[in-house]
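A quick write-up on the structure given underneath.
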Amino acid sequence: MLIATLTCCFNRKNLTFNSIEQLHRDLYPKNIKLIHYLVDDCSDDGTSELINKSFNDVKIIKTSGDLYWSRSMKLGWDYIKKEINPDFVFVYNDDTNFYPNCITKLLNTYYEQYCSLNKLLVVSGAIVDPIKKTPTYGGRSRHKIKLFTIASRLLPIKDIPQKAYTLNFNAALIPIEVIKKIGFIAPYFLHGGADWEFGYRCTKNDIPIIQAPGVVGSCSFNPKKGTSMESNISLLERFKRLLSIKEQPFFPRLNLVIRYGGFLFIVQLFVPYIKIVLFHFYSLLIKK
């Protein structure tokens, strides 16, 4: 069995090294081979040099530095499909600390659920905060108000498999046949959101997303500093950050809600922009 692992990086060489090293130490069965792909979006901190020096089985794809996460992952998949024909693609974030047997746990969940459901599926691994042990990334359930079709919440941690509505790509195992059927990263995304959209596409095409039992790794939420949620910045600055490539640029979100927004697509289009206004004035009130 052949599994291609795929991640991308930018200037956090120690985290990138740790995640790749942990995958190399994972105790998966001997009949499984992993081939690692890393898209380096023009890091200048020596990431590629460190990975090249440390591992001889990591394919490093260097870019011009303007691809960000979604387009980097799409480029990585373009290289994989040209070079190999894996059985699965394991997608992950390079700041994730993987627990032992991560790959094995996801594979076991896949085959157990495949036998039960008798259909292709995608498996997500739950990621928790390293200190609080609360979920930070993984499978996501649908909003309780069904008309909010692109809203979701993290699934809780349980010792049984759970069906998800969408997912994060912090640790997910995707069969190659699923990608051949519905595609991979949607081309209109620039940075974030493409993993959620992939999950919506799976659900729309009756491809189950299952969160594996337990936990497969740890990772903190991204810090608020430098984002639209940072404290003590003006409302104008919040909007500039919110509309930037790294957060909620308008046209990728418009594409998303047109495809998945349903009857309330206009409402869902403007939700993050309305929320940032409410957050700004609420933060001013609590400071008084």
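The values are calculated or read from the model by the stated rules, or taken from the named source; none is laboratory data. Given the structure is predicted, the values throughout are model-derived calculations rather than measurements. As a convention, Cβ positions derive from the backbone with ideal geometry for all residues, glycine included, and neighbour counts pool all protein chains shown.
Within the range 1-19, the set of residues being assigned to a helix (DSSP H, G or I) and either small (Gly, Ala, Ser) or touching a Lys or Arg at 6+ places or on another chain (Cβ under 6 Å) (or both) comprises Ser19 only.
All told, Thr96 falls short of being in contact with an Asp or Glu (Cβ under 6 Å, 6 or more places away or on another chain) and either of a type in the set (Ser, Thr, Tyr) or farther than 18 Å from Thr5 by Cα (or both).
Per the conditions (1) in a helix (DSSP H, G or I); (2) modelled with pLDDT of 95 or more; (3) polar (S, T, N, Q), the sole criterion not satisfied by Ser220 is (1).
Which of the residues belonging to the range 41-62 are farther than 14 Å from Ser19 by Cβ and in a helix (DSSP H, G or I)? Answer for the range 41-62, where residues must be farther than 14 Å from Ser19 by Cβ and in a helix (DSSP H, G or I): Ser48, Glu49, Asn52, Lys53. When Gly199 is tested against the conditions (1) within 19 Å of the chain's Cα centre (by Cα); (2) loosely packed, with under 14 Cβ neighbours inside 10 Å, the lone failure is (2).
Give Ile150, Ile174, Ile179 a once-over and let me know the one that is part of a helix (DSSP H, G or I) and within 16 Å of the chain's Cα centre (by Cα).
Of Ile150, Ile174, Ile179, the one residue that is part of a helix (DSSP H, G or I) and within 16 Å of the chain's Cα centre (by Cα) is Ile179.
Flag not set for Lys74, criterion: in the same structural domain as Pro187 (by TED's automatic domain parsing), in contact with an Asp or Glu (Cβ under 6 Å, 6 or more places away or on another chain) and either in contact (Cβ under 8 Å) with a residue 12 or more places away in the chain or more than 25 Å from Lys180 (Cα to Cα) (or both).
Can we say Phe55 is more than 19 Å from Leu75 (Cα to Cα), touching a Leu at 6+ places or on another chain (Cβ under 6 Å), at pLDDT 95 or above and not acidic (Asp, Glu)? Judged against the criteria, Phe55 is not a match.
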